[in-house]
Number of protein chains: 2
Amino acid sequence: MTSSADVVRLAERARAASWGLGQATRATKDAALHAMADALVERGAEILAANAEDVQRAEAGGTPAGIVDRLRLTTDRVEAMAQGLRDVAGLADPVGEVVRGSTLAGGLELRQVRVPFGVVGMIYEARPNVTADAAGICLKSGNAVLLRGSSSASASNEAIVAVLRDAVATAGLEPDVVQLVPAGRHDTVKALMRARGLVDVLIPRGGAGLIRSVVEESIVPVIETGVGNCHVYVDAAADLDTALAIVLNAKTHRPSVCNAAEGLLVHRAVAEVFVPRVTAALSDAGVTVHGDATFAQQAGVVPATEEDWDTEYLSLDIAAAVVPDLDAALAHIRRHGSGHSEAIVTSDQGAARRFVAGVDAAAVLVNASTRFTDGGEFGFGAEIGISTQKLHARGPMGLPEMTSTKYVVTGEGHVR
Amino acid sequence: MTSSADVVRLAERARAASWGLGQATRATKDAALHAMADALVERGAEILAANAEDVQRAEAGGTPAGIVDRLRLTTDRVEAMAQGLRDVAGLADPVGEVVRGSTLAGGLELRQVRVPFGVVGMIYEARPNVTADAAGICLKSGNAVLLRGSSSASASNEAIVAVLRDAVATAGLEPDVVQLVPAGRHDTVKALMRARGLVDVLIPRGGAGLIRSVVEESIVPVIETGVGNCHVYVDAAADLDTALAIVLNAKTHRPSVCNAAEGLLVHRAVAEVFVPRVTAALSDAGVTVHGDATFAQQAGVVPATEEDWDTEYLSLDIAAAVVPDLDAALAHIRRHGSGHSEAIVTSDQGAARRFVAGVDAAAVLVNASTRFTDGGEFGFGAEIGISTQKLHARGPMGLPEMTSTKYVVTGEGHVR
C-alpha cells in the first residue's frame with residue numbers, strides 16, 4: 001500500500017532528478033526519446049502481457065466495451081506510442097528559447113528565457129498511451145513527471161513506465177525523471193495535490209468530476225483541461241450547405257472528444273429552412289436532437305430540458321435552439337459554454353467580427369468545425385491537453401506551454 | 001456589514017461590466033485613464049480629507065510611524081498617482097496583440113490574440129496608491145477589477161474609488177469596471193477566493209502570511225507575488241570592488257522591498273580578503289550581519305541561526321555565509337531561496353553560465369544588483385507586482401501579463 005509519505009518521496013526524487021534534466025541538451029533528450037521509442041517496440045510483448053491483465057480484469061468487472069477498447073493495447077497501438085515519442089524528438093526544444101530581449105537604459109542586457117517548470121504531475125484516466133505521450137512531452141520540455149494513471153490501467157502503466165525508465169537511463173539521464181505514482185487509492189492523488197514546493201504544476205486529464213475535484217482541492221497550481229460544451233452558431237447570413245457540413249462534422253466526426261459540438265444555435269431568419277434540414281441530416285447520422293420548441297416540432301426531436309444546455313454529451317446527442325439574433329447566441333454561449341471552442345457559420349464579415357470579439361473561449365472558429373481545436377491540427381506536433389483556463393495556457397498545449405520563463409540580467413557591476 | 005452574498009453581487013456586476021471594457025478601443029480606455037488622473041488631482045482635497053481620517057485612526061491605535069507614513073497621502077503623492085495613470089495611458093494596448101499566427105496545412109488561418117482575463121481581484125495591504133495603480137493597469141488591459149484593500153486605508157480607498165468611478169463613467173465606460181470590496185472583515189477575502197467563474201484571477205500583494213493564505217485557500221486561480229529571499233553570491237573570480245558595491249546596493253538601497261538582498265554567500269577562495277571588508281562596509285552602513293562561523297569571527301557579527309537562512313528581513317539585516325564552491329552556493333539557494341532574484345558576481349564566464357543555468361528563480365543577475373528586478377527598471381512602464389510562481393507570469397508583471405489569449409481560426413467551410 002502506498003501512503004502519502006511515499007508519494008512525497010517520489011516527488012522529492014523527481015525534484016532532485018529534474019535539476020539535471022532541466023540542463024540536459026536537446027541532443028541528450030532526443031537520444032532518450034528515441035531510446036524510449038525503441039524500447040517500447042522491443043519490449044512490446046511485456047507491455048501487451050501486462051495490458052492483457054488489465055483488460056481481463058476490466059471485462060471480468062463488467063466494464064462497458066467502449067472503455068475496455070480504450071484500455072486495450074495492440075502491437076499497432078504500441079508502435080503508435082513509439083512513433084509519438086519519435087515525433088516529439090523531431091520538435092524544436094522549447095528550453096532556452098529567448099522569448100524577449102533588450103538592452104536596458106543603463107546598459108544592462110535583459111533576456112527572458114524559457115525554462116522547464118521542474119516537476120509536472122499528470123492525473124489521468126483509462127488510456128495507457130497517455131503514459132508514454134506525457135512522459136515524452138515532459139522529458140522534451142525538461143520536466144520530470146509523476147504519472148498518476150487510473151487503477152484500471154495499472155499493470156499496463158507499470159510495464160510502460162518500467163520500459164521507459166530503463167531507456168532513459170541508457171541515454172544517460174536519471175530514470176527518476178519518469179515515475180509512476182501508484183493508483184488504486186485516492187490518497188495518492190491527494191498527496192500530489194498537497195505537494196506544493198515539490199510539484200510545480202498538476203495537469204488533470206479526464207472526466208469533468210476528476211478535473212473539478214483537482215481544481216478545487218489542489219494547492220499545487222493546476223492547468224485545467226478539457227471540458228468542452230462547444231456550440232455551432234448558424235448565423236442569418238450563413239451559407240446553409242456550409243453550415244450543414246460543419247454541424248455534421250463538429251457533432252459526428254468523433255463524438256467522444258472535447259472539441260465535438262454539443263450545442264447548435266440557429267438564427268431565426270434561417271430557421272424555417274435550416275431547422276428541418278439539419279434535423280433530418282443529424283437524425284440520418286444517428287444523432288438524437290434535444291430541441292427547443294421550434295426544433296421539437298420536427299419528427300424524432302426530444303424536447304430539451306434546462307439541463308441539456310449545460311451537458312457535455314460526448315455521444316451522438318446535441319442540444320439545439322433557435323435564437324432571435326447574434327446577441328442572443330452570444331448570451332447563450334456565455335451562460336452555457338465551457339470556454340473551449342465556439343464556431344460561427346456566416347458570410348457576414350461584421351457578424352464574424354462581433355462573434356469573435358464577444359465569445360470568451362480558448363478558440364473561436366469562423367466557418368470551420370470545432371474539431372480543429374487540437375494541437376495536431378494547429379501544427380504543434382504534440383499536445384499534452386487542451387486548457388480551458390485563462391492563466392498560463394489556453395487552448396491546445398504543446399511543448400512551449402510546458403515551460404516557464406526566467407529573466408537573465410547581465411551587467412558589469414550595475415547598481416541602482 | 002458586508003456579507004459573502006454582497007461580494008458575489010459586486011463580482012457579478014464586475015463580470016457584466018467586463019464585457020464592454022474588454023471590447024473597448026485603446027482610445028476609449030486612454031481617455032478614461034486621463035479622466036481618472038485629472039479627477040484625482042481636481043478632487044485631491046476630498047481624498048486627502050478621507051486619508052486624514054485613516055491616518056488619525058492609525059496613530060490613535062498606536063500604529064508604528066513607518067506604516068503610518070506608507071498610509072499617508074500628500075498633494076505630491078496624489079499627483080504621483082495621477083501621473084502613474086497618465087503613464088499607463090501612454091503604454092501600448094496589450095489587447096488584440098497577435099502573439100502567434102500561421103496558415104495551417106488545409107488553408108485555415110490561425111491567430112493567437114491577447115484578450116483580457118475578464119475580472120481581476122486584487123487583495124493588498126496598507127498603501128492607498130496601489131488602489132489607483134491597480135485600477136489603471138487593469139483598465140488598460142481590459143479587465144474589470146475588484147479592489148480589496150486593507151481596513152486601515154478604507155476611508156482613503158473609498159474616496160479614491162469614488163473619484164475613479166465617476167471619471168470612468170464620464171469617459172463612457174461602465175463604472176462597475178472599478179469596484180471596492182469593503183475591508184474590515186476577512187469574510188470578503190474568503191468570498192473573493194470562492195468566486196470561481198466570476199473572478200478570473202486573484203493577485204495578493206502584501207506580507208508573506210497574506211500571500212500564503214490566499215494561495216492555499218483560493219479556488220480562483222492565483223498569481224503569487226513578492227516574497228523575496230534574494231542572495232548575492234560572490235564567486236572566487238569576482239572583482240571584489242564590484243562585489244562590494246553590489247552587495248551594499250542590494251542590501252541598503254531600499255531594504256523594505258522584495259528585491260533587496262537578504263543573503264550573502266562568499267566563495268572560500270576570496271573569504272579571507274572579502275569577509276572582513278564586506279562586514280566592515282555593511283556595519284558602517286548600519287547593517288546587522290547574521291553570520292556563519294567564519295563571518296562570526298568579525299566584530300559586530302551576530303551568529304546566524306538556521307532560521308536566518310530562510311528569513312526575508314525587509315530591514316537592515318543580512319544572513320552571510322562562506323561556501324566551498326559554486327555548487328554549494330547553488331545548493332544553498334535551492335534550499336533557502338524564494339525564487340525571486342539571485343545574483344552572482346564573477347569575472348569567470350563559465351561560472352556565470354553555470355549559475356544562470358543552475359538557479360531556479362524569476363530573475364538571475366550577473367554582475368548586477370538584485371534591485372534591478374522591477375517592472376520600471378525592465379522598461380515595462382507599469383507593474384502590478386512581481387510574480388514568484390512559475391505558471392502564467394514570472395518576475396515583474398506589466399500589461400501583457402494581465403491578459404490571456406484566444407485562438408481565432410478562420411476558414412471557408414473547413415471540416416475534418
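Got a number for residues in region A:183-198 being touching a strand residue (DSSP E or B) at 6+ places or on another chain (Cβ under 8 Å) and away from chain B (no Cβ under 14 Å)?
4
Mind listing just one residue for me: the one in region B:346-378 that is touching an Asp or Glu at 6+ places or on another chain (Cβ under 7 Å), over 22 Å from B:A208 (Cβ atoms) and more than 8 Å from chain A (Cβ to nearest Cβ) and, of those, modelled with the lowest pLDDT?
Result: B:G376.
Test of understanding: among B:V345, B:V301, B:V322, which residue is open to solvent by less than 10 Å² (accessible area, probe 1.4 Å) and aliphatic (A, V, I, L, M)?
Working: B:V301 fails: open to solvent by less than 10 Å² (accessible area, probe 1.4 Å); B:V322 fails: open to solvent by less than 10 Å² (accessible area, probe 1.4 Å).
Exactly one of B:V345, B:V301, B:V322 is open to solvent by less than 10 Å² (accessible area, probe 1.4 Å) and aliphatic (A, V, I, L, M), namely B:V345.
Name every residue in region B:212-254 that is in contact with a helix residue (DSSP H, G or I) (Cβ under 7 Å, 6 or more places away or on another chain), of a type in the set (A, V, I, L, M) and over 30 Å from B:V322 (Cβ atoms), in order of residue number.
If the condition is that a residue be in contact with a helix residue (DSSP H, G or I) (Cβ under 7 Å, 6 or more places away or on another chain), of a type in the set (A, V, I, L, M) and over 30 Å from B:V322 (Cβ atoms), then B:V214, B:I219, B:V220, B:V222 are the ones that fit.
Counting just the residues of region B:199-208 that are of a type outside the set (V, I, T) and at pLDDT 95 or above, which one comes out nearest to B:G385 (Cα to Cα)?
Checking each candidate, the answer is B:L202.
For B:A299, work out the one condition from (1) part of a loop (DSSP other than H, G, I, E, B); (2) free of Cβ contacts under 8 Å to residues at least 60 places away in the same chain; (3) within 31 Å of the chain's Cα centre (by Cα) it doesn't fulfil.
Exception for B:A299: condition (3).
Say whether the condition of being more than 24 Å from the chain's Cα centre (by Cα) and modelled with pLDDT of 95 or more is met by at least one residue in region A:332-339.
Within region A:332-339, the subset more than 24 Å from the chain's Cα centre (by Cα) is A:332.
Checking which are modelled with pLDDT of 95 or more leaves us with A:332.
Yes - at least one qualifying residue is present in region A:332-339.
Being away from chain A (no Cβ under 11 Å), touching a His at 6+ places or on another chain (Cβ under 6 Å) and touching a residue at least 40 places away in the same chain (Cβ under 8 Å) narrows it down to one residue among B:I318, B:I333, B:I384; which is it?
B:I333
Could you please give the count of residues in region A:331-370 that are in contact with a Lys or Arg (Cβ under 9 Å, 6 or more places away or on another chain), aliphatic (A, V, I, L, M) and either over 30 Å from B:A105 (Cα atoms) or part of a loop (DSSP other than H, G, I, E, B) (or both)?
Result for region A:331-370: 3.
If I go through region B:214-273 residue by residue, how many of them are acidic (D, E) and at pLDDT below 95?
3
How do the pairs read when you match residues in region A:210-231 that are under 23 Å from A:A319 (Cα atoms) with residues anywhere that are basic (K, R), using Cβ under 8 Å and keeping only pairs 6 or more apart or on different chains?
Taking only residues 6 or more apart or on different chains, the pairs are A:T225/A:R205; A:G226/A:R205.
Just checking, which of A:G118, A:G90, A:G107, A:G96 is surrounded by fewer than 20 Cβ atoms within 10 Å (Cβ to Cβ) and closer than 24 Å to B:E401 by Cβ?
The match here is A:G96.
Under the condition of being more than 13 Å from chain B (Cβ to nearest Cβ) and open to solvent by less than 30 Å² (accessible area, probe 1.4 Å), which residue from region A:231-246 is farthest from A:D374 (Cα to Cα)?
A:D235
Among the residues of region B:103-115, write down those that are at the interface with another protein chain (Cβ under 9 Å from one of its Cβ atoms) and either closer than 30 Å to B:G375 by Cα or hydroxyl-bearing (S, T, Y) (or both).
B:Q112, B:V113, B:V115
So, in region B:355-381, how many residues would count as being in contact (Cβ under 8 Å) with a residue 24 or more places away in the chain and more than 17 Å from B:D133 (Cα to Cα)?
Adding up the residues that qualify gives 15.
If the requirement is being within 11 Å of chain B (Cβ to nearest Cβ), assigned to a loop (DSSP other than H, G, I, E, B) and of a type outside the set (F, W, Y), which of these qualifies: A:N259, A:N249?
Unique residue meeting the criteria: A:N259.
Can you tell me which of (1) open to solvent by less than 50 Å² (accessible area, probe 1.4 Å); (2) over 19 Å from the mean Cα position of the chain (by Cα) is the one A:R185 doesn't meet?
The one condition A:R185 does not meet is (1).
Return the only residue of A:A135, A:A169, A:A159 being open to solvent by 40 Å² or more (accessible area, probe 1.4 Å) and modelled with pLDDT of 95 or more.
Values: A:A135 fails: open to solvent by 40 Å² or more (accessible area, probe 1.4 Å); A:A159 fails: open to solvent by 40 Å² or more (accessible area, probe 1.4 Å).
Testing whether each residue is open to solvent by 40 Å² or more (accessible area, probe 1.4 Å) and modelled with pLDDT of 95 or more leaves just A:A169.
So which residues in region A:388-404 are more than 10 Å from every other protein chain (Cβ to nearest Cβ) and either surrounded by 24 or more Cβ atoms within 10 Å (Cβ to Cβ) or in contact with a Gly (Cβ under 8 Å, 6 or more places away or on another chain) (or both), if there are any at all? Don't jump to the end; show me each part of the working.
As a first pass, look at region A:388-404 and keep what is more than 10 Å from every other protein chain (Cβ to nearest Cβ): A:388, A:397-399, A:401-402.
Those that are more than 10 Å from every other protein chain (Cβ to nearest Cβ) and either surrounded by 24 or more Cβ atoms within 10 Å (Cβ to Cβ) or in contact with a Gly (Cβ under 8 Å, 6 or more places away or on another chain) (or both): A:T388, A:M397, A:G398, A:L399, A:M402.
What number of residues in region B:110-142 are part of a loop (DSSP other than H, G, I, E, B), touching a Ser or Thr at 6+ places or on another chain (Cβ under 7 Å) and of a type outside the set (D, E)? Step through it out loud before you land on a result.
So the first thing to find is which residues in region B:110-142 are part of a loop (DSSP other than H, G, I, E, B), and the list is B:117-118, B:125-128, B:141-142.
Then drop every residue that is not touching a Ser or Thr at 6+ places or on another chain (Cβ under 7 Å), which leaves B:117-118, B:125-126, B:128, B:141.
After this cut, where a residue has to be of a type outside the set (D, E) as well, the list is B:117-118, B:126, B:128, B:141.
Number satisfying all stated conditions: 5.
When you go through (1) open to solvent by 40 Å² or more (accessible area, probe 1.4 Å); (2) touching a helix residue (DSSP H, G or I) at 6+ places or on another chain (Cβ under 7 Å); (3) within 27 Å of A:D374 (Cα to Cα) one by one for A:G209, which number turns out not to apply?
It fails just one condition, (2).
Of everything in region A:405-416, what is in a strand (DSSP E or B) and either β-branched (V, I, T) or open to solvent by 10 Å² or more (accessible area, probe 1.4 Å) (or both)? Give them in sequence order.
Of everything in region A:405-416, those that are in a strand (DSSP E or B) and either β-branched (V, I, T) or open to solvent by 10 Å² or more (accessible area, probe 1.4 Å) (or both) turn out to be A:T405, A:K406, A:V408, A:V409, A:T410, A:G411, A:E412, A:G413, A:H414.
Of everything in region A:18-38, what is open to solvent by 10 Å² or more (accessible area, probe 1.4 Å) and of a type outside the set (S, T, Y)? Give them in sequence order.
Across region A:18-38, the qualifying residues are A:W19, A:G20, A:G22, A:Q23, A:A24, A:R26, A:A27, A:D30, A:A31, A:H34, A:A35, A:D38.
Can you tell me which residue within region A:89-102, out of those that are in a strand (DSSP E or B) and more than 10 Å from chain B (Cβ to nearest Cβ), is farthest from A:G411 (Cα to Cα)?
Among those residues, the one meeting the criterion is A:V99.
Does A:A11 fit the bill of being surrounded by 15 or more Cβ atoms within 10 Å (Cβ to Cβ) and either within 14 Å of chain B (Cβ to nearest Cβ) or over 30 Å from A:G379 (Cα atoms) (or both)?
Criteria met by A:A11.
Could you say whether any residue in region B:138-145 is among the basic types (K, R) and open to solvent by 10 Å² or more (accessible area, probe 1.4 Å)? Explain how you work it out, then say what you get.
Here is the first cut: in region B:138-145, the residues among the basic types (K, R) are B:140.
Okay, now just the ones that are also open to solvent by 10 Å² or more (accessible area, probe 1.4 Å), so none.
Scanning region B:138-145, I find no residue that is among the basic types (K, R) and open to solvent by 10 Å² or more (accessible area, probe 1.4 Å), so the answer is no.
Considering only region B:25-82, give the helices (runs of 4 or more DSSP H) lying wholly within it that have at least 2 residues that are among the polar types (S, T, N, Q) and over 16 Å from B:R127 (Cβ atoms).
Those helices (runs of 4 or more DSSP H) do not exist here; none qualify.
Count, please, the residues in region A:328-360 that happen to be over 15 Å from B:G118 (Cβ atoms), in contact with a strand residue (DSSP E or B) (Cβ under 9 Å, 6 or more places away or on another chain) and either of a type in the set (D, E) or outside the structural domain of A:L314 (by TED's automatic domain parsing) (or both).
1
Being within 14 Å of another protein chain (Cβ to nearest Cβ) and within 24 Å of the chain's Cα centre (by Cα): is that true of B:P128 here?
no
The values are calculated or read from the model by the stated rules, or taken from the named source; none is laboratory data. Everything quoted here is computed from the prediction, not taken from an experiment. As a convention, Cβ positions derive from the backbone with ideal geometry for all residues, glycine included, and neighbour counts pool all protein chains shown. Accessible surface is based on the protein model in full, side chains and every heavy atom, while ligands, DNA and RNA are left aside. Shrake-Rupley method; radii C 1.70, N 1.55, O 1.52, S 1.80 Å.
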